[in-house]
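Everything below concerns the one structure shown next.
The values are calculated or read from the model by the stated rules, or taken from the named source; none is laboratory data. Quick caveat: nothing in here was measured; it's all calculated off a predicted structure. Positions of Cβ are backbone-derived with ideal geometry, glycine not excepted, and every protein chain shown enters the neighbour counts. All accessible areas refer to the heavy atoms of the entire protein, side chains included, with ligands and DNA or RNA removed. Shrake-Rupley method; radii C 1.70, N 1.55, O 1.52, S 1.80 Å.
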Amino acid sequence: MGFEARSDLATECGCENEREGIRVSTADAGGCKLVRVQIKSEDAARRIGKPCGRYVTLECGHVHDLCEQELAQVRRVLAVELREMAERMTGKRMGSGFSVLVAGLGNAEITPDAVGPETVRRLSVTRHLREYDTALFSTVGLCEIAAIAPGVLGQTGLETVELVRGAVSSAKPDLVVAVDALAARSTERLAATVQLSDTGIQPGSGIGNGRRALNRETVGVPVMALGVPTVVESSTLVYDALTKFGIDEQREELQQLFEGGKGFFVAPKEIDLLIPSVGILLSSAIEKAFTVS
């Protein structure tokens, strides 16, 4: 077998072009490139290692480098995509009767893994306000937004799906939006690409430490996955460098080298600056998507 580069992005797993069982379309919006992928058959899903469903990839440029105007444009585009996918998944129009639970997955103490907790930390939740000001929800079309940052198994002793399922039982949302850090194949995509999908999410899968999946079957309501890549597997960097020089990766000694690098992940040196910027973008886009004024 040849080397397989690990990536959570559908566009890096054989979905960049239309092929049997896979539908792909591209568009430009607000200075961003949108790639919409629909994996339509189980055969195609097995071939590329992604569940059947819809994936939207937004290529916006490095978030930390965007000016205020550019950031506002990206936020608007992402909010539109979030709202459209949420309505499609739930069969329910956005408005004051809509409720969402945002689950910020990952370990807040490990910076590249802190996209979910950072997003939740910056999110303005509203569910607790309805009992005090019901008219506000109806007037501005404000949805109920609740949030949870469940941490990771090593911190809590509980599977993420158990904690999210408990929150779902209490809040009774129409939809769960699971926010997580992703792994990419290309360093150019780190903190520069956003992916959302209607397939749910398997926490930790990007770094080969997959836990139980969060999806409609495990938590009881539809689960949308929203993520930004923050790491690249080190063996992928070596593989790409060697193939640029025409070196055959099938040789046994190179295969051993690649396999030996699968436990290491590389993040940008400015990751401490990137994570807050990503958290601001995702939280503000979620707020905009679930407010109809």
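Structure shown: which of LYS50/LYS244; LYS33/LYS172; LYS50/LYS172 lie over 31 Å apart, alpha-carbon to alpha-carbon?
Violating the 31 Å Cα-Cα cut-off are LYS33/LYS172.
Could I have the simple spin-label model distance between GLN69 and VAL292, label points 7 Å from Cα toward Cβ, reported in nm to one decimal?
Label-label distance for GLN69 and VAL292, simple model: 3.2 nm.
Using mean Cβ contacts within 10 Å as the protection proxy, how do 7-13, 155-161, 182-188 order, highest first?
My ranking of the peptides, most packed first, is 7-13, 182-188, 155-161.
Give me the percent of accessible area attributable to carbon and sulfur for the range 138-189, probe 1.4 angstrom.
So the carbon and sulfur contribution to the accessible surface is 50 percent.
Which net charge results for the neighbourhood of LEU34, defined as the other residues with beta-carbon distances under 15 angstrom from its beta-carbon, given Lys and Arg at +1 and Asp and Glu at -1?
+3
For the residue pair HIS62 and LEU273, what label-to-label distance in nm results when each label sits 7 Å from Cα along the Cα-to-beta-carbon direction?
Between HIS62 and LEU273, the label points sit 0.8 nm apart.
Tabulate in residue order the Karplus-calculated ³J(HN,Hα) for the range 180-196, using 6.51 cos²θ - 1.76 cosθ + 1.60 with θ = phi - 60°, rounded to whole Hz; enter x for Gly and Pro.
So the Karplus estimates, Gly and Pro as x, are 8, 6, 10, 9, 10, 8, 9, 5, 5, 8, 5, 6, 10, 9, 10, 10, 10 Hz.
Taking R0 as 25 Å, what's the FRET efficiency between ARG130 and ARG165 from their Cβ-Cβ distance, rounded to 0.05?
It comes to 0.65.
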